[in-house]
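Visitor: Got a structure for you, questions after.
The values are calculated or read from the model by the stated rules, or taken from the named source; none is laboratory data. For clarity, every value in this text was computed on a predicted model and none was experimentally measured. Cβ sites come from the backbone with ideal geometry, for glycine too, and all protein chains shown count toward neighbours.
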Amino acid sequence: MLKSSVGRTAIIIGLAGITSFGALAPASAFETSSGASSASNEAVDESAVDKLGENVKVAAESGEEGARESYEAYLNLSEEQRGKLNEIINGEGVIAAAQDPNSGVTVDHIDCGVEGAGAEGGASAPGLAVQAAAATYNVTSRCDQDFNFAGINITKIRLSGDYQTGSGRVLATYSATPQVVVSREPGANISFSNTTHRLGGGQGYFQTTVTVERSLFGWNHSTRSANLQLVTNGPGVVSCGWR
């Protein structure tokens with residue numbers, strides 16, 4: 001369970017098979033689409049790390065949040081780290097590499113609850129405690145999966161949920177919104193599908209299918225999918241992970 005208040009924890013998560021991308025899911029969660037190919041060990045793009053560096057540099061020059069720090073980290077990579085990162089990009093990619101605790105890929109898991117429009121239908125007169133207790137609020141909560149290597153922010157995925165809360169419970173869900181916040185890895189394309197939201201047991205459930213398609217050397221390297229689910233209660237995030 002994650003804390004309901006805003007929190008940030010650096011975690012290493014599992015993503016091997018292709019149904020699970022995260023610490024809260026089994027290592028077999030990500031599933032490979034039929035017909036997807038695996039990269040040949042002989043087909044290696046030695047400039048993959050350089051291409052990543054170019055992407056981070058462009059982001060830094062455009063003023064993206066945190067990109068300057070990422071670019072400085074890129075410039076400080078050792079030869080060993082460059083080789084490892086090149087191997088990851090030419091292999092299964094940064095997201096899949098996070099399953100291996102020895103890969104060097106880490107994930108900052110960030111939960112955030114943001115109050116929206118404020119009270120709706122609250123007390124209409126001072127001192128009416130019963131009415132005040134029945135006040136409802138429109139709230140947006142979100143969770144980020146932030147993939148990093150040696151201080152370089154490479155990929156960040158966000159899932160947000162809009163809902164109504166009152167008396168510590170979710171009363172209604174309105175929408176689920178997935179978003180690619182950062183995508184700097186060469187050859188990686190991230191998309192979303194089957195995005196849903198529902199109410200259950202006083203909690204809000206928001207889910208989306210994340211698909212990572214990797215295209216290297218002019219052909220489809222691999223395509224992987226997993227479900228990312230955000231669960232909220234009145235105060236904020238209950239949990240967020242891969243299913």
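Visitor: Scan the range 212-221 and give yes if some residue there is touching a residue at least 12 places away in the same chain (Cβ under 8 Å), in contact with a His (Cβ under 9 Å, 6 or more places away or on another chain) and not small (Gly, Ala, Ser), otherwise no.
Guide: Start the filter on the range 212-221 by keeping residues that are touching a residue at least 12 places away in the same chain (Cβ under 8 Å), which leaves 212-217, 219-221.
Now drop any that are not in contact with a His (Cβ under 9 Å, 6 or more places away or on another chain), which leaves 213-215.
From what's left, not small (Gly, Ala, Ser): 213-214.
Yes, because at least one residue in the range 212-221 is touching a residue at least 12 places away in the same chain (Cβ under 8 Å), in contact with a His (Cβ under 9 Å, 6 or more places away or on another chain) and not small (Gly, Ala, Ser).
Visitor: Here are Phe192, Phe147: which of them is in a strand (DSSP E or B) and under 16 Å from Val105 (Cα atoms)?
Guide: Working: Phe192 fails: under 16 Å from Val105 (Cα atoms).
Just one listed residue meets the conditions, Phe147.
Visitor: Moving to a separate point now. Pull up the range 35-59, narrow it to residues that are touching a strand residue (DSSP E or B) at 6+ places or on another chain (Cβ under 9 Å) and at pLDDT below 65, then point me to the one that is farthest from Asn148 (Cα to Cα).
Guide: Checked the range 35-59; the qualifying residue farthest from Asn148 (Cα to Cα) is Gly35.
Visitor: Filter the range 65-83 for residues that are touching a Gly at 6+ places or on another chain (Cβ under 9 Å), in a helix (DSSP H, G or I) and not charged (D, E, K, R); which is surrounded by the fewest Cβ atoms within 10 Å (Cβ to Cβ)?
Guide: Only one residue fits best here, namely Leu75.
Visitor: Out of Asn86, Asn102, I need the residue that is closer than 17 Å to Phe147 by Cα, over 19 Å from the mean Cα position of the chain (by Cα), surrounded by 14 or more Cβ atoms within 10 Å (Cβ to Cβ) and not acidic (Asp, Glu). Which one?
Guide: Within the list Asn86, Asn102, the selection yields Asn86.
Visitor: For Ser62, work out the one condition from (1) out of contact with any Gly (no Cβ under 9 Å at 6 or more places or on another chain); (2) farther than 21 Å from Asp144 by Cβ it doesn't fulfil.
Guide: Failed condition: (2).
Visitor: Of the conditions (1) in contact (Cβ under 8 Å) with a residue 24 or more places away in the chain; (2) surrounded by fewer than 20 Cβ atoms within 10 Å (Cβ to Cβ), Thr195 satisfies every one except a single condition; which number is it?
Guide: Looking at each condition in turn, Thr195 falls short on (1).
Residues are listed down the side, and each one gets a yes or a no for (1) touching a Lys or Arg at 6+ places or on another chain (Cβ under 6 Å); (2) more than 21 Å from Val105 (Cβ to Cβ); (3) not in a strand (DSSP E or B):
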site: Lys156; (1), (2), (3): no, no, no
site: Ser160; (1), (2), (3): yes, yes, no
site: Thr177; (1), (2), (3): no, yes, no
site: Val181; (1), (2), (3): yes, no, no
site: Thr196; (1), (2), (3): no, yes, no
site: Val210; (1), (2), (3): no, no, no
site: Ser215; (1), (2), (3): no, no, no
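Visitor: Is it true that Val94 is under 30 Å from Gly204 (Cβ atoms), surrounded by 17 or more Cβ atoms within 10 Å (Cβ to Cβ) and at pLDDT 55 or above? Step through it out loud before you land on a result.
Guide: Values: under 30 Å from Gly204 (Cβ atoms): yes; surrounded by 17 or more Cβ atoms within 10 Å (Cβ to Cβ): yes; at pLDDT 55 or above: yes.
Judged against the criteria, Val94 is a match.
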